[in-house]
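What follows is a set of notes on a single structure, which appears directly below.
The values are calculated or read from the model by the stated rules, or taken from the named source; none is laboratory data. In this text the structure is predicted, and so the values were computed from the model without any measurement. Ideal geometry is used to build each Cβ from the backbone, glycine not excepted, and the neighbour counts take in all protein chains shown.
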Amino acid sequence: MNNATAVKENQSIKVDPRAGKYLTFFLASEEYGVEILKVQEIIGRMPITPVPLTAKYIRGVINLRGKIHPIMDLKIKFGMDHSQITDETCIIVIKTASLMMGILVDKVSEVVNVASGDIEDTPYFGVDVDTEYLLGVGKIGGRVRLLLDIEKVITASDIIHLKKAASGENKEIVAESKGAETKINNGANNNKEKQHA
């Protein structure tokens, strides 16, 4: 009889699937959280190589132990000013279902355990505001943290841009422009030869 009572009690307790550990970080003065299971590593400042003809929120690519990873500036993606690189700036390497990438953040805060009772559904802001990328709002230690669904932050078009940046498809553009320079230089050399003849 005790087992039956315990089973009934366990069934009445609902566990929110959003509960768990989150890595929290700052973008400007706002604090966000991303599920720790999506985080591969956190790296400090390192050179980011810009890739031409990509979306503004794609800062470029990094070479991390021989692998090229695209870097997204979340502040630009969220409509804020671009991130200023400081001593606290970090890149959080995230693994999504589609790709491995880095997100540029102003500073990493901490890893927090968010219980079911500490998560509120995202408030409704009207039809013009899309909040689908938010899992909810975490209330931890008297602070409010926006919990991101990183899979929804990165849209299908973002994935295309990020993969292009990482694969170096834009090298073709650079090669074409170098080819044009060579043609121009060869034309100039031909003109010089005609003048000397």
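Which residues, taken from the range 126-148, are at positive phi and at pLDDT 85 or above?
Listed by number, the list holds a single entry, Gly136.
Out of the range 77-95, which residues are surrounded by fewer than 16 Cβ atoms within 10 Å (Cβ to Cβ) and under 22 Å from Ser167 (Cβ atoms)?
Within the range 77-95, just Lys95 meets the criteria.
Within the range 145-155, can you find the residues that are of a type outside the set (Lys, Arg) and touching a strand residue (DSSP E or B) at 6+ places or on another chain (Cβ under 6 Å)?
Matches in the range 145-155: Leu146, Leu147, Leu148, Asp149, Ile150.
Show the residue pairs meeting these rules: Cβ distance below 6 Å; 6+ apart or different chains; first residue within the range 77-101 and over 15 Å from Glu31 (Cα atoms); second residue buried (at least 16 other Cβ atoms within 10 Å of the Cβ) and of a type in the set (Ser, Thr, Tyr).
The qualifying pairs are Lys77/Tyr57.
Hey, can you tell me all the residues within the range 82-93 that are in a strand (DSSP E or B) and either farther than 27 Å from Gly142 by Cα or over 11 Å from the mean Cα position of the chain (by Cα) (or both)?
Correct list: Cys90, Val93.
Picking from Ala165, Ala175, which residue would you name as being in contact with a Ser or Thr (Cβ under 6 Å, 6 or more places away or on another chain) and at pLDDT below 90?
Exactly one of Ala165, Ala175 is in contact with a Ser or Thr (Cβ under 6 Å, 6 or more places away or on another chain) and at pLDDT below 90, namely Ala165.
Could we say that Thr54 is under 20 Å from His161 (Cα atoms) and of a type in the set (S, T, N, Q) here?
Judged against the criteria, Thr54 is a match.
From the list Gly117, Gly79, Gly102, exactly one residue is farther than 23 Å from Ile140 by Cβ and either outside any loop (DSSP other than H, G, I, E, B) or among the hydrophobic types (A, V, I, L, M, F, W, C) (or both). Which is it?
Gly102
Looking only at residues in the range 44-76 that are assigned to a loop (DSSP other than H, G, I, E, B) and of a type in the set (Lys, Arg), which one is surrounded by the most Cβ atoms within 10 Å (Cβ to Cβ)?
Arg45
Hey, does the range 34-43 have a residue that's outside any strand (DSSP E or B), under 18 Å from Ser98 (Cα atoms) and among the charged types (D, E, K, R)?
yes
Go through (1) in contact with a strand residue (DSSP E or B) (Cβ under 6 Å, 6 or more places away or on another chain); (2) in contact (Cβ under 8 Å) with a residue 24 or more places away in the chain; (3) within 19 Å of Pro47 (Cβ to Cβ) and name the single condition Ile119 misses.
(3)
Do the conditions hold for Pro123, that is, is it surrounded by fewer than 19 Cβ atoms within 10 Å (Cβ to Cβ), more than 14 Å from the chain's Cα centre (by Cα) and modelled with pLDDT under 85?
yes
Out of all the residues in the range 37-81, which are under 12 Å from the mean Cα position of the chain (by Cα) and charged (D, E, K, R)?
If the condition is that a residue be under 12 Å from the mean Cα position of the chain (by Cα) and charged (D, E, K, R), then Lys38, Arg59, Asp73, Lys75, Lys77 are the ones that fit.
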